[in-house]
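*Asks:* The structure follows.
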Ligand code: ASP
């Protein structure tokens with residue numbers, strides 16, 4: 001009873017904060033889109049602060065004639081290569097045995113998709129995922145097999161554990177306490193969606209997963225329909241946050257299906273977040289999930305369980321970082 005009352009109070013408080021404009025930059029951007037939807041395309045949308053430099057590269061790729069698939073691949077390669085981003089690619093925090101294992105997926109407007117999971121030693125898992133999509137009859141390659149495939153495609157074998165990541169792991173080893181945390185850098189996947197002028201769309205998602213995870217743990221990011229889903233006739237969605245919660249409810253698939261039934265991208269993100277909360281007993285969960293969605297007309301949506309989920313939006317009006325509205 002107590003937690004139910006707390007849940008209702010927190011919901012009311014969330015609605016109040018939202019209504020009175022704490023999320024105003026986000027609201028202004030949505031209003032601008034509604035006034036002039038045509039001007040919203042092309043559009044690039046991606047998760048967290050590291051989405052800003054990634055969007056810039058994706059945007060330039062589109063401006064120079066690249067496809068939406070080229071754009072999302074090029075965009076997410078930016079945080080993959082950046083050792084300061086501790087949750088994606090090179091410099092990502094390792095598993096509890098000190099090994100960096102990566103998950104990534106990509107999906108294009110023609111419905112094709114590719115993914116890798118539990119991949120070690122390759123700096124750009126998103127590009128391996130694209131090769132899986134384009135060069136094999138499969139969707140997902142895992143672990144040793146994914147590495148073998150990457151090497152056969154001339155990807156160099158590299159050491160991905162940086163000094164800083166090693167130090168963080170050694171510090172963690174002293175207590176070995178694993179607890180998923182909200183909005184901290186132990187989980188900050190980059191998920192990116194791009195829509196071109198014609199309304200064709202693609203998405204990409206890449207991560208080192210939860211910091212200090214169990215060896216062999218794979219999250220939502222490489223699973224089509226969980227971390228990423230694109231249906232070029234309708235819309236696309238990406239997820240970040242605790243992968244297990246997204247896997248249990250197949251959030252991005254749900255978002256696209258809600259849009260198919262007529263929901264706006266914003267409503268669809270809210271419905272999928274609500275389902276996760278219901279699944280976890282209708283009380284505020286102690287983990288974060290954030291969702292982004294777009295539709296063919298360039299409408300977009302963003303919503304998270306807890307406050308603090310930032311995302312980058314790039315249109316012909318420029319790039320901005322916004323904080324998504326949240327349930328709590
Ligand atoms: N969703 C990712 C995972 O669970 C982590 C994240 O988004 O931060 O592996």
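*Asks:* Looking for whichever is outside any strand (DSSP E or B) and either within 22 Å of the chain's Cα centre (by Cα) or in contact (Cβ under 8 Å) with a residue 40 or more places away in the chain (or both) here; the options are 240, 159, 252, 206. Which one fits?
*Replies:* Values: 240 fails: outside any strand (DSSP E or B); 159 fails: either within 22 Å of the chain's Cα centre (by Cα) or in contact (Cβ under 8 Å) with a residue 40 or more places away in the chain (or both); 206 fails: outside any strand (DSSP E or B).
After ruling out the rest, the residue left standing is 252.
*Asks:* In the stretch 109-136, which residues are farther than 17 Å from residue 226 by Cβ, in contact with a helix residue (DSSP H, G or I) (Cβ under 7 Å, 6 or more places away or on another chain), outside any helix (DSSP H, G or I) and in contact (Cβ under 8 Å) with a residue 40 or more places away in the chain?
*Replies:* Within the stretch 109-136, 109, 120, 123, 124 qualify.
*Asks:* Could you tell me whether residue 292 is under 30 Å from residue 161 (Cβ atoms) and modelled with pLDDT of 95 or more? Let's see the steps before the verdict.
*Replies:* Numbers: under 30 Å from residue 161 (Cβ atoms): yes; modelled with pLDDT of 95 or more: yes.
It is true that residue 292 is under 30 Å from residue 161 (Cβ atoms) and modelled with pLDDT of 95 or more.
*Asks:* Then there is this: Which of the following residues is part of a helix (DSSP H, G or I), at pLDDT 95 or above, surrounded by 21 or more Cβ atoms within 10 Å (Cβ to Cβ) and away from the ligand (no atom under 16 Å from the Cβ): 259, 271?
*Replies:* Numbers: 271 fails: surrounded by 21 or more Cβ atoms within 10 Å (Cβ to Cβ).
Going through 259, 271 in turn, just one is part of a helix (DSSP H, G or I), at pLDDT 95 or above, surrounded by 21 or more Cβ atoms within 10 Å (Cβ to Cβ) and away from the ligand (no atom under 16 Å from the Cβ): 259.
*Asks:* Now a separate question. What pairs can you find where one residue is in the stretch 59-73 and surrounded by fewer than 21 Cβ atoms within 10 Å (Cβ to Cβ), the other is in a loop (DSSP other than H, G, I, E, B), and their Cβ atoms are less than 9 Å apart, with a gap of 6+ or different chains?
*Replies:* Taking only residues 6 or more apart or on different chains, the pairs are 60/66; 63/42; 67/108; 67/109; 67/196; 67/200.
*Asks:* Based on what the data block shows, is residue 133 over 22 Å from residue 53 (Cβ atoms) and either in contact with a strand residue (DSSP E or B) (Cβ under 7 Å, 6 or more places away or on another chain) or within 16 Å of the ligand (Cβ to nearest atom) (or both)? Spell out the reasoning first.
*Replies:* Numbers: over 22 Å from residue 53 (Cβ atoms): yes; either in contact with a strand residue (DSSP E or B) (Cβ under 7 Å, 6 or more places away or on another chain) or within 16 Å of the ligand (Cβ to nearest atom) (or both): yes.
The answer is yes for residue 133.
*Asks:* Now for a separate question. Test residue 197 against the criterion of being more than 9 Å from the ligand (Cβ to nearest atom), at pLDDT 95 or above and not in a strand (DSSP E or B), and give yes or no.
*Replies:* Answer is yes for this residue.
*Asks:* Being farther than 18 Å from residue 133 by Cα, touching a strand residue (DSSP E or B) at 6+ places or on another chain (Cβ under 7 Å) and not in a loop (DSSP other than H, G, I, E, B), is that true of even one residue in the stretch 225-232? Give the steps one after another, and end with the answer.
*Replies:* Here is the first cut: in the stretch 225-232, the ones farther than 18 Å from residue 133 by Cα are none.
No, the stretch 225-232 contains no residue that is farther than 18 Å from residue 133 by Cα, touching a strand residue (DSSP E or B) at 6+ places or on another chain (Cβ under 7 Å) and not in a loop (DSSP other than H, G, I, E, B).
*Asks:* Filter the stretch 96-108 down to the residues that are outside any strand (DSSP E or B) and under 21 Å from residue 170 (Cα atoms) and list them by number.
*Replies:* The answer is 96, 97, 98, 99, 100, 101.
The values are calculated or read from the model by the stated rules, or taken from the named source; none is laboratory data. Predicted, not measured: the structure shown is a model, and the values here were computed from it. All Cβ positions, glycine included, derive from the backbone under ideal geometry; neighbour counts span all protein chains shown.
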